1. When you go through Ala123, Ala145 one by one, which is the residue that is surrounded by 20 or more Cβ atoms within 10 Å (Cβ to Cβ), within 30 Å of Gln200 (Cβ to Cβ), among the small types (Gly, Ala, Ser) and at pLDDT below 90?
2. Just checking: which of the helices (runs of 4 or more DSSP H) contained wholly in the stretch 75-130 hold 2 or more residues that are over 18 Å from Ile47 (Cβ atoms)?
3. Is one or more of the residues making up the stretch 230-238 surrounded by fewer than 22 Cβ atoms within 10 Å (Cβ to Cβ) and part of a loop (DSSP other than H, G, I, E, B)?
4. Taking Ile113 as the residue in question, decide whether it is in contact with a Pro (Cβ under 7 Å, 6 or more places away or on another chain), among the aliphatic types (A, V, I, L, M) and modelled with pLDDT of 95 or more.
5. In the stretch 323-354, which residues are under 20 Å from Thr117 (Cα atoms), crowded, with 24+ Cβ neighbours inside 10 Å and under 16 Å from the mean Cα position of the chain (by Cα)?
6. Among Leu191, Leu160, which is the only one that is hydrophobic (A, V, I, L, M, F, W, C), modelled with pLDDT of 95 or more and outside any loop (DSSP other than H, G, I, E, B)?
7. Out of (1) assigned to a helix (DSSP H, G or I); (2) surrounded by fewer than 21 Cβ atoms within 10 Å (Cβ to Cβ), the odd one out for Asn262 is which?
Amino acid sequence: MSIRSFVDDFRVMPRNVKVSIYVLPFWAIPFNFVNPYASLYMLNQGISPTKVGLISSLSFILKTIFALFAGYLINRFGRRRTVGVLDLVGWAFPMLLYFFAKEYWQFMLAAVINCITVINGIASPCFLVEDVDPRMRIKAFNFSAITISLCGLFVPITGLLIKKYELVPAIRYLYLFAFLCMGTAAIGKLLFYKETSIGQKMMAQRAPIGNPVKKLMVPIVYIFRNSRLIFLFSMNVLINFALNINNLYYFPFLTDSLGFSNSFISLFPFATTTVSMLIFFFVIPKIQNMEKSALSSVGMYALGALILILSYFTNGKLAIACVICWAMAGAILNPVLNTMIANTIMDEMRTEVFGVFNVFSMLCMFPAGYFGGWLYEGSPLYPIIFIFCVYLAGFLTFFLLGKKMYTEVQHKKSML
């Protein structure tokens, strides 16, 4: 697919999609600078692996609580206002706290405040879905993924700074940079986003908060009546559980067990970006069967984890092949799975359904960080083995049930 075709597709995108892409680098670039090194940043200041995992686990508990009220808050105050304000409070401010943090409680406080961004995670995709033609949604998600990957090209700067100033001072000032950029992104969203038609409709209803447990029953019933949605949500939880452990202990495994330097591993996100960009430009636009694409990407996740295990026992340089596999898997699975889920949910039910899903997801996720830390203290290899088992289980589940779901969808389409 040519660059001109991408430009033409972007030109016809609704305003909110364009604004999402324009402000995304102000969040994605600093996030990519600091996120891969967040665990190392804490570990190098004397925080134990178990305590690092405990911060992650507590975050999932709090996100579960916030997710209970996410649908109400988004519908009550609107997508635009919710995303803008909570980006400022939940992303920019914690980055400033991480800049000053030296004690365990300070890291914990920053993580706790950051938990409110679970609400943003429900509201933000609305701007890529609502008022967007269903046939164009995968392109909207693809534009978002391309932008995030392009932002990954800046990651080697982190390695250069670490090499010159050492890890803790370099990451500390990158957190200050993140505070300034993410604050700018939040203000940009408040100024330039236009409330979606569904958002306006839900705001006009001004529904009282009522009993949150009772309100949850409506989307819960909706989900349980949709077997395809249950399947997609289950796969999402399974993959993200493994990714959470991977994000916390992948870089420590590369440095402590495989012998890569802190500065060299900054090239890994760069390689991920390069591979992802090829996928976004030449593979995603040609996808016809999303179910098969999702299956192959989950399989590549499992293959990458297997390669990482083999690199531990043979040659650490094999880990480079793992980077390629995981880059391909993530580049395909993220836009495909997001589009499949978006096309399965009614517009009026989107925020409530995602609110329920986030509650369930957080309940499943909160042990991941602590469990991963416990595994890592036993052996740095144990989390990788566990991740491989999860990805393999996901692949087999998708292979056995995904085909059935795809057949049912095709049958329904033929009946219309």
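1. Step by step, each of Ala123, Ala145 is checked, and only Ala145 is surrounded by 20 or more Cβ atoms within 10 Å (Cβ to Cβ), within 30 Å of Gln200 (Cβ to Cβ), among the small types (Gly, Ala, Ser) and at pLDDT below 90.
2. Per the criteria, 79-87, 93-100, 117-123, 126-129.
3. No.
4. Yes: the conditions hold for Ile113.
5. Passing the criteria: only Phe354.
6. Leu191
7. Here Asn262 meets the rest and fails (1).
Conditions tested, residue by residue: (1) in contact with a strand residue (DSSP E or B) (Cβ under 9 Å, 6 or more places away or on another chain); (2) of a type outside the set (Lys, Arg); (3) over 28 Å from Phe281 (Cα atoms).
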| residue | (1), (2), (3) |
| --- | --- |
| Ile148 | no, yes, no |
| Gly152 | no, yes, no |
| Ile157 | no, yes, no |
| Leu161 | no, yes, yes |
| Lys164 | no, no, yes |
| Leu167 | no, yes, yes |
| Ile171 | no, yes, yes |
| Ala178 | no, yes, yes |
| Gly183 | no, yes, yes |
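The values are calculated or read from the model by the stated rules, or taken from the named source; none is laboratory data. For clarity, every value in this text was computed on a predicted model and none was experimentally measured. For neighbour counting, all protein chains shown are included, and Cβ atoms are generated from backbone atoms with ideal geometry for every residue, glycine included.
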